[in-house]
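Read through the structure below, which is laid out as structure tokens, and then see the notes.
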Amino acid sequence: MFQRAQRKKARLRLALCGTSGSGKTYSALLIAFGLGGKVAMIDTERGSGELYSHLGEYDVCRIEPPFLPEKYVKAIHEAESLGYDTIIIDSLSHAWAGSGGLLEEVDKRKGRGNDFAAWRDVTPMHNALVDAMLQSTSHIIATMRSKTAYDMVKDEKTGKVKPVKVGLAPVQRDGMEYEFTAVLDLDVDRHVASASKDRTGLFDGKVVIPDAQTGRALADWLDQGAPEPAPPPPFDLAALATELDGLAMSAVRAKWEESAARYRALPEYRQITGVYQARIDVLTQQAGAMAKQDQKREADTAPLASEAQVKRLQTLYGKTPREARLADASSFFGHEVTSFKTLTRLEASELIEAKGGQKFPETSEQMDNVPF
């Protein structure tokens, strides 16, 4: 349904891009302190994030190689569960181009000769990381390294031309910057920032020095609008299990077909599918047990081999010792046969046919009247 557009309070999704030495970590911390609340840092830079502990209080979680996306996702969820207001990811580039990052995962799979298949496997890993950032209940500030290049610039004071290091696109998958509320590019010489993307309007056409005041300005902008809607209550998995417990297999499958599309939108989708699968597994086991009981019941009530059938089997086996006869019959039926007299008439008929005799009629009257 369509509804009137309304600005709502939001959480920050900020990217800071720059070459090495441009001040990404330093700026991220100052902005986080300006936002207020508890600050957590996910550090992939071998502990360099702790060099700024004099700036304020924050906690650090170090990620070591391999830089698998699931490590980032786990750290983000852990920080959320511990109540951190802002999560700094320093640096997001390692998940893409670092040791064990997504590019290496693609290279591992390219050996199969199908580049498309390699990306098909890796893209969900990337998407899971993006979703973890976008759906986070905390502010997210991610630093990304920029590809380094040099430009020849004329020095205004001396008039001489000198090489200047400039940053280009961030080291991440193409289009990653579109996932953020704002993207600030840091200058390596002056440590100032300009926005290459800005939904806030705070940095439009400006060059700013990122600091705590930048964080406070962003916090004021994020706080404008209607309150965020309360998150939906968690899905009641126990109630679903109780509901399915009284349903037959056909009813379980019908309920799944009816509700699966709606379930996919829920964060508990995997757990929900697990509840359905558990019920199906139980019903399958019960059906198998009932089938075995029916087979045993049929075997217990089936008419036993006639005297004529027993004599025919003895004739067919000839001088074969009794133990060998019974072992051969047991192997034929897949269960222990202790005497030909314990076989049902149908089993005896099948064994006689297999050993070279004629096939017996299947009715007991016909069997009794067969001369031997």
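Values in this text are rule-based calculations from the coordinates and carry no lab data. Fair warning: this is a prediction, and the values are worked out from it, not measured in the lab. Note: ideal-geometry Cβ built from the backbone for every residue, glycine included; neighbour counts use all protein chains shown.
Of Lys311/Lys341; Lys9/Lys74; Lys154/Lys206, which sit over 19 Å apart, Cα to Cα?
Lys9/Lys74; Lys154/Lys206
Let me test this: with uniform point scatterers at the alpha carbons of the stretch 197-350, what is the Debye-based log₁₀ I(q)/I(0) at q = 0.13, 0.16 1/Å?
Relative scattering, expressed as log10 I(q)/I(0), comes to -0.83, -0.92.
Enumerate the aspartates and glutamates that Lys110 could reach by cross-link, defined here as Cα to Cα under 17 Å, with residues fewer than 8 away along the same chain left out.
Within the straight-line limit of under 17 Å, Lys110 reaches these aspartates and glutamates: Asp121.
Show log10 I(q)/I(0) for the stretch 4-47 at q = 0.30, 0.32, 0.33, 0.34 Å⁻¹, two decimals, from a solvent-free Debye sum over equal Cα scatterers.
-1.30, -1.34, -1.36, -1.36
So how far, in whole Å, is the C-alpha centre of the stretch 9-43 from the one of the stretch 65-111?
17 Å
Which one of Ala132, Ala95, Ala117 has its Cα pushed farthest toward the positive end of the charge dipole of the stretch 13-223, where Lys and Arg give +1 and Asp and Glu give -1 at the Cβ?
Ala117
Can you list, largest first and rounded to whole Å, the semi-axes you get for the chain by taking the square root of 5 times each eigenvalue of its Cα gyration tensor?
75, 26, 17
Mind jotting down the three principal axis lengths of the stretch 237-301 based on Cα atoms? Whole angstrom, largest first.
In descending order, the Cα extents are 53, 19, 16 Å.
Do any GluC sites (Glu not before Pro) in the stretch 211-274 lie in a DSSP loop with no more than 16 other beta carbon atoms within 10 Å, and if so, which?
For GluC sites (Glu not before Pro) across the stretch 211-274 that sit outside H, G, I, E and B with at most 16 neighbouring Cβ atoms in 10 Å, the list reads Glu268.
Can you give the angle from 0 to 90° between the axis of helix 307-317 and the longest principal axis of the chain, with both taken from C-alpha atoms, to the nearest 10?
70 degrees
For the Cα atoms of the chain, what angle does the longest principal axis make with the long axis of helix 115-134, in degrees from 0 to 90, nearest 10?
60 degrees
Can you give me the P(r) profile for the stretch 1-146? Cα pairs, bins 10 angstrom wide beginning at 0, each as a whole percent.
Reading upward from the zero bin: 11, 39, 30, 14, 5, 0.
Measure nothing fancy, just the Cα-based angle from helix 69-81's long axis to the longest principal axis of the chain, in degrees from 0 to 90, nearest 10.
Around 80 degrees separate the two axes.
So what's the net charge close to Met133: Lys and Arg +1, Asp and Glu -1, counting the other residues with Cβ under 9 Å from its Cβ?
Spelling it out: positives minus negatives among the neighbours equals -1.
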